[in-house]
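Engineer: Let me give you the structure first, and then I'll get to my questions.
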Amino acid sequence: LALLSFSDILSSKTILVSTDSTTAKFYVNKQGGTGSMALCREATLIWQWAIQRKVHLSAIHIAGCHNTLADALSRNHPSSQEWSLSQHWLQGLFRKWGYPRVDLFASRGNSKCPKFCSRAGADPMSLGDAFQLVWRGARFYAFPPLGLLAKTIAKIKRDHTTCILVAPFWPRRPWFPVLWDLAQGQFLALPMTQGLLWEHPPAYPQVDSLHLTAWNIVQE
């Protein structure tokens with residue numbers, strides 16, 4: 001999904017895939033395999049995509065025990081969409097950059113804006129699934145789960161969205177250069193304190209390892 005999201009900027013590049021699956025690493029590096037026809041088909045499609053764009057792919061294994069934060073954030077369990085910034089810090093961002101009208105990733109209990117989108121549009125009070133909408137005509141606020149961050153940034157670029165985006169400051173991730181260009185370097189590093197990020201009901205315990213930043217993206 002990340003490769004497809006950034007197809008337009010990955011041509012003639014070398015891409016290193018980090019995965020906690022030794023099987024995935026094998027199938028990427030060997031350009032297929034005989035153990036699973038389904039995985040072989042996936043690997044073949046990936047390499048066809050890469051060859052068409054003159055992309056060189058390689059994969060390395062990262063043990064899950066060394067990648068606990070990203071692994072936890074990328075899982076689509078219900079609580080991953082219940083994380084939110086404290087109202088104190090969020091209001092400071094809104095005063096600085098403008099008050100958004102729509103919270104793209106929220107629930108009825110933690111929405112920060114007058115309107116919100118919910119997971120798969122499950123909440124009848126929401127505007128529906130964020131990715132089924134066109135993100136234009138208003139200022140938006142987005143604090144997506146990490147597993148949806150690449151897709152979110154790609155849609156922001158595609159829809160010419162004006163928004164405040166909260167994301168980890170992880171320069172080595174493939175989506176980071178795109179985010180930097182969209183925001184033209186306009187970001188604020190958020191304080192690494194236990195009161196910054198909240199989950200219902202406890203505060204998130206590893207906020208210092210997230211290196212959260214807020215990005216002001218303004219597009220015509």
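Engineer: Can you tell me which of (1) surrounded by fewer than 16 Cβ atoms within 10 Å (Cβ to Cβ); (2) over 22 Å from PRO174 (Cα atoms) is the one GLY32 doesn't meet?
Structural biologist: It fails just one condition, (1).
Engineer: Still on this structure, please answer the following. Cβ contacts < 8 Å: first residue over 16 Å from GLN52 (Cβ atoms) and without any contact (Cβ under 8 Å) to a residue 40 or more places away in the chain, restricted to the range 12-30; second residue open to solvent by 40 Å² or more (accessible area, probe 1.4 Å) and among the β-branched types (Val, Ile, Thr), any location; separation 6+ or different chain. Result?
Structural biologist: Here the result reads ALA24/VAL17; LYS25/VAL17; LYS25/ILE60; VAL28/VAL17; VAL28/ILE46, each pair linking the range 12-30 to a residue that is open to solvent by 40 Å² or more (accessible area, probe 1.4 Å) and among the β-branched types (Val, Ile, Thr).
Engineer: Moving to a separate point now. Being within 21 Å of ALA183 (Cα to Cα) and of a type in the set (A, V, I, L, M): is that true of LEU149 here? Don't jump to the end; show me each part of the working.
Structural biologist: On the way: within 21 Å of ALA183 (Cα to Cα): yes; of a type in the set (A, V, I, L, M): yes.
It is true that LEU149 is within 21 Å of ALA183 (Cα to Cα) and of a type in the set (A, V, I, L, M).
Engineer: Looking at LEU85, LEU90, which one is over 25 Å from ARG158 (Cβ atoms), modelled with pLDDT of 85 or more and either surrounded by 17 or more Cβ atoms within 10 Å (Cβ to Cβ) or in contact with a helix residue (DSSP H, G or I) (Cβ under 6 Å, 6 or more places away or on another chain) (or both)? Spell out the reasoning first.
Structural biologist: Values: LEU85 fails: modelled with pLDDT of 85 or more.
On inspection, the qualifying residue turns out to be LEU90.
Engineer: Any residue at all in the range 100-115 that's over 21 Å from ALA183 (Cβ atoms), open to solvent by less than 20 Å² (accessible area, probe 1.4 Å) and in contact with a strand residue (DSSP E or B) (Cβ under 8 Å, 6 or more places away or on another chain)?
Structural biologist: Of all residues in the range 100-115, those over 21 Å from ALA183 (Cβ atoms) come to 106-111, 114-115.
Imposing the further condition that a residue be open to solvent by less than 20 Å² (accessible area, probe 1.4 Å) reduces the set to 106, 110.
Filter once more, keeping what is in contact with a strand residue (DSSP E or B) (Cβ under 8 Å, 6 or more places away or on another chain): 106, 110.
Among the residues of the range 100-115, at least one is over 21 Å from ALA183 (Cβ atoms), open to solvent by less than 20 Å² (accessible area, probe 1.4 Å) and in contact with a strand residue (DSSP E or B) (Cβ under 8 Å, 6 or more places away or on another chain), which makes the answer yes.
Engineer: For the range 155-213, what are the residues that are within 17 Å of PRO145 (Cα to Cα), of a type in the set (A, V, I, L, M, F, W, C), part of a strand (DSSP E or B) and modelled with pLDDT of 90 or more?
Structural biologist: CYS163, ILE164, LEU165, VAL166, ALA167
Engineer: Within the range 96-120, track down each residue that is over 19 Å from GLY147 (Cβ atoms) and part of a helix (DSSP H, G or I).
Structural biologist: Across the range 96-120, the qualifying residues are LYS96, TRP97.
Engineer: Now a separate question. For the range 12-67, what are the residues that are part of a strand (DSSP E or B), of a type outside the set (S, T, N, Q) and either in contact with a Gly (Cβ under 8 Å, 6 or more places away or on another chain) or closer than 23 Å to PRO177 by Cα (or both)?
Structural biologist: Of all residues in the range 12-67, those part of a strand (DSSP E or B) come to 14-19, 56-61.
Right, trim to of a type outside the set (S, T, N, Q) and you get 15-17, 56-57, 59-61.
Within the range 12-67, ILE15, LEU16, VAL17, HIS56, LEU57, ALA59, ILE60 meet the criteria.
The values are calculated or read from the model by the stated rules, or taken from the named source; none is laboratory data. The model shown is predicted, which means the values in this text are computed figures rather than measured ones. FYI the Cβ positions are ideal-geometry reconstructions off the backbone, even for glycines, and counts take in every protein chain you see. Only protein heavy atoms, including side chains, enter the accessible area calculation; ligands, DNA and RNA are left aside. Shrake-Rupley method; radii C 1.70, N 1.55, O 1.52, S 1.80 Å.
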